[in-house]
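Working notes for the structure below.
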Amino acid sequence: MKRQTVFGVVAAVVIGCSSARAQEALQVVARDPDGQGLLGQVNGKRVLIVSGTPEQMGRAHGRLLAELVPNVMPRTMALVGAGLAVQKGDWFYDRIDEIYRRAGPHTPERFLRECRAMAAAAGITERAAIGGNFFPELFHCSGVAVRNSASADGRVVHARVLDYMRDIHLQNYTVLQVFVPEGGIPWMSVGYAGFLGTVTAMNVKGLAIGEMGGKGEGDWDGMPMTFLMREIAERAETVEQALAILRTVPRTCEYYYVISDAARNMAGVYATPGAVQVLAPGQQDERLPTVPKDTVMFSAGGRAKALSERLHAHFGKITPEVMIEIIKRPVAMRSNLHNAVFMPETLDMWFADAGKKTPACDEPYTRVNLRALLDFYARQRAP
C-alpha cells in the first residue's frame, strides 16, 4: 500500500509530560484509502485510529500498519514460541491451536472477523493473526486506583503497570490505538501492531481498566482475557456495568483487574473461571499488604509492599505526576513493558513504553486526551 503522508503540524491534541513539557501536536502520517482510519505520530509515538464495522477496522489496521504487523506476527511470536519450547517442552503453535479451539467458541464473532480482515490487509496468514491475538493467554503486573481522600483533588487517578516480555522487544511495535466501533463505545488502548484485544484501556465514557495475570494456565474454556477487556471497553459505561459483564461472560485462567469510572467508582476484581471476587476501595485482603483508604491495588511480593508504602507516604497528595513516581521500580519490574496513568473524569492518559534497554517506568511519558483525539478524527473525516 502506498502511504499518503501529510507533512507538518495538523492539530494540537496531545501534550508530552515528564521529560517533554512542551505541547505536542498529532501529525497525520497515512490515511486508510477507504476513509476508515488514519495513522499519526506524536512525540515519537504511533497513534492509530480506526472506525466502522469489524471488517473496516481490521482492513484499516492491516493497511496502515502493514510494515509492522509481520514483524510481530509471526516473527516476534516465534521468539515467544522458542522460549516456551525451551522452558516447557511445548510447541507454541500446538498450544495456540488448543487455546483457539477452546476459547474461540466463546470469543465474539466480530473480533474474529476483524482479525481476519486485519490479517488479509497486512499480508499475514489467518493462523499467525489468531496466534498473535490469543497468545497472551499463555502468560501471566501491578494496578492501583485512588480517589477522594487519597488523591490530591478527589478525582480518580488510576495506574496500570505492565511487566514481562521487554526482552523480546515488543516495544518496537507499540501503537496507541483508538477504536471507534460501529454500535459500540469509542475507546483507546496502549497496544501493539496487530493486536486487537487490550490489556490497558479507557473508553470515552470514562471507564478505565487494567489487568494483572495470575495462575490458571490451561483453563482456556472462556473468552480470552484481552478480548474480554475489549468487550468491557466497548460495552460498559460504569464499574457496575463492567462487573456485570465480568460475572456473565465465561472466563479463562486467573486474573486481577482494577476498574474505575468517571463517577469516581472503583473496584478491584479477582476472577477465575469459577468465581468473581470484588474488593471495594480500602478493603483489606490477606493476599495484600495494608491498603490505604479510598484505594484499590493489586501487586505481588516486594512490589506490593513498596506500592503500599508509597501510597501511604503520598496519601492525599496523589496526582498523575505523583503516581508516575509511585509506580517506578521496585513497583515496576526490570521487564516493565508499558505503564499508563488514567484520569477517567477528564479522559486524559499518560503512558510510557520500554526503551531498548530501559523499563517503561524510566522512560518519558506522553499525555493524550481521548476526547481530543476523537474530535480530531471527526474533523479529519468531515467532507
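The values are calculated or read from the model by the stated rules, or taken from the named source; none is laboratory data. Note that this is a predicted model, so its numbers are computed, not measured. Cβ placement follows ideal geometry from the backbone for every residue including glycine, while neighbour counts extend to all protein chains displayed.
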Would the range 115-132 turn up any residue that is within 21 Å of the chain's Cα centre (by Cα), over 30 Å from VAL322 (Cβ atoms), surrounded by fewer than 23 Cβ atoms within 10 Å (Cβ to Cβ) and of a type in the set (Val, Ile, Thr)?
yes
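Only residues that are crowded, with 19+ Cβ neighbours inside 10 Å and of a type in the set (Gly, Ala, Ser): list them for the range 267-276, please.
Kept after step one, since they are crowded, with 19+ Cβ neighbours inside 10 Å, are these residues of the range 267-276: 267-269, 271.
Result: ALA267, GLY268, ALA271.
Within the range 226-240, restricting attention to residues that are of a type outside the set (D, E, K, R) and part of a helix (DSSP H, G or I), which residue is surrounded by the fewest Cβ atoms within 10 Å (Cβ to Cβ)?
Taking the range 226-240 as the starting set, the residues that turn out to be of a type outside the set (D, E, K, R) are 226-229, 232-233, 236, 238-239.
With the extra rule that they be part of a helix (DSSP H, G or I), the set shrinks to 226-229, 232-233, 239.
On the way: THR226: 24, PHE227: 26, LEU228: 27, MET229: 27, ILE232: 25, ALA233: 27, VAL239: 22.
Only one residue tops the list, namely VAL239.
Every residue in the range 227-282 that is of a type in the set (Lys, Arg) and within 24 Å of VAL190 (Cβ to Cβ), please. Lay out the reasoning, then the answer.
Start the filter on the range 227-282 by keeping residues that are of a type in the set (Lys, Arg), which leaves 230, 235, 247, 251, 264.
Hits for the range 227-282 are ARG230, ARG235, ARG251, ARG264.
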Hits in the range 77-111 - residues which are exposed (fewer than 14 other Cβ atoms within 10 Å of the Cβ) and at pLDDT 70 or above
ASP94, ARG101, PRO105, GLU109
Consider the range 117-172. How many of its residues are over 19 Å from ARG329 (Cα atoms) and among the acidic types (Asp, Glu)?
3
Test each condition in (1) over 30 Å from ALA236 (Cα atoms); (2) at pLDDT 95 or above; (3) basic (Lys, Arg) for ARG367 and report the one that comes out false.
(1)
Look through ASP348, ASP353, ASP375 and report the one residue that is surrounded by 24 or more Cβ atoms within 10 Å (Cβ to Cβ) and among the charged types (D, E, K, R).
ASP353
Quick one: what pairs do we get from the range 42-61, first residue buried (at least 20 other Cβ atoms within 10 Å of the Cβ), second of a type in the set (Lys, Arg), C-beta under 6 Å, 6+ apart or different chains?
PRO54/ARG110; PRO54/ARG113
Could you check the range 25-41 and list, in sequence order, the residues that are crowded, with 22+ Cβ neighbours inside 10 Å and modelled with pLDDT under 95?
LEU26
Would you point out which residue out of ARG329, ARG251, ARG303, ARG310 is modelled with pLDDT of 95 or more, within 22 Å of the chain's Cα centre (by Cα), among the basic types (Lys, Arg) and more than 15 Å from ASP163 (Cβ to Cβ)?
ARG251
Restricting the search to the range 150-184, which residues are aromatic (Phe, Trp, Tyr) and under 13 Å from the mean Cα position of the chain (by Cα)?
PHE179
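Results for (1) touching a strand residue (DSSP E or B) at 6+ places or on another chain (Cβ under 6 Å); (2) of a type outside the set (A, V, I, L, M, F, W, C); (3) surrounded by fewer than 15 Cβ atoms within 10 Å (Cβ to Cβ), shown as yes or no for each residue.
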{"residue": "ARG251", "(1), (2), (3)": "yes, yes, no"}
{"residue": "GLU254", "(1), (2), (3)": "no, yes, no"}
{"residue": "ASN265", "(1), (2), (3)": "no, yes, no"}
{"residue": "VAL278", "(1), (2), (3)": "yes, no, no"}
{"residue": "PRO281", "(1), (2), (3)": "yes, yes, no"}
{"residue": "ARG287", "(1), (2), (3)": "no, yes, yes"}
{"residue": "ASP294", "(1), (2), (3)": "yes, yes, no"}
Quick check on the range 133-153. Is at least one of its residues closer than 23 Å to PRO70 by Cβ and of a type in the set (Gly, Ala, Ser)?
no
If you check GLY210, GLY206, which single one turns out to be assigned to a loop (DSSP other than H, G, I, E, B), under 16 Å from the mean Cα position of the chain (by Cα) and surrounded by 19 or more Cβ atoms within 10 Å (Cβ to Cβ)?
GLY206
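Please enumerate the residues belonging to the range 213-225 that are part of a loop (DSSP other than H, G, I, E, B) and under 22 Å from LEU176 (Cβ atoms).
Here is the first cut: in the range 213-225, the residues part of a loop (DSSP other than H, G, I, E, B) are 214-222, 224.
Once the filter is applied, which keeps residues that are part of a loop (DSSP other than H, G, I, E, B) and under 22 Å from LEU176 (Cβ atoms), the range 213-225 yields only PRO224.
From ARG235, ARG155, grab the single residue that is of a type in the set (Lys, Arg) and touching a helix residue (DSSP H, G or I) at 6+ places or on another chain (Cβ under 7 Å).
Details: ARG155 fails: touching a helix residue (DSSP H, G or I) at 6+ places or on another chain (Cβ under 7 Å).
None of the others qualify; the one that does is ARG235.
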Hey, does the range 292-302 have a residue that's under 25 Å from ALA244 (Cα atoms) and either in contact with a Cys (Cβ under 6 Å, 6 or more places away or on another chain) or among the acidic types (Asp, Glu) (or both)?
yes
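Let's see how each residue does on (1) farther than 21 Å from HIS338 by Cβ; (2) at pLDDT 95 or above; (3) touching an Asp or Glu at 6+ places or on another chain (Cβ under 9 Å); (4) part of a loop (DSSP other than H, G, I, E, B):
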residue: CYS115; (1), (2), (3), (4): yes, yes, yes, no
residue: ILE124; (1), (2), (3), (4): yes, yes, no, yes
residue: GLY131; (1), (2), (3), (4): yes, no, yes, no
residue: PRO136; (1), (2), (3), (4): no, no, no, no
residue: ALA159; (1), (2), (3), (4): no, yes, no, no
residue: ASP167; (1), (2), (3), (4): no, no, no, no
residue: GLY183; (1), (2), (3), (4): yes, yes, yes, yes
residue: GLY194; (1), (2), (3), (4): no, yes, no, yes
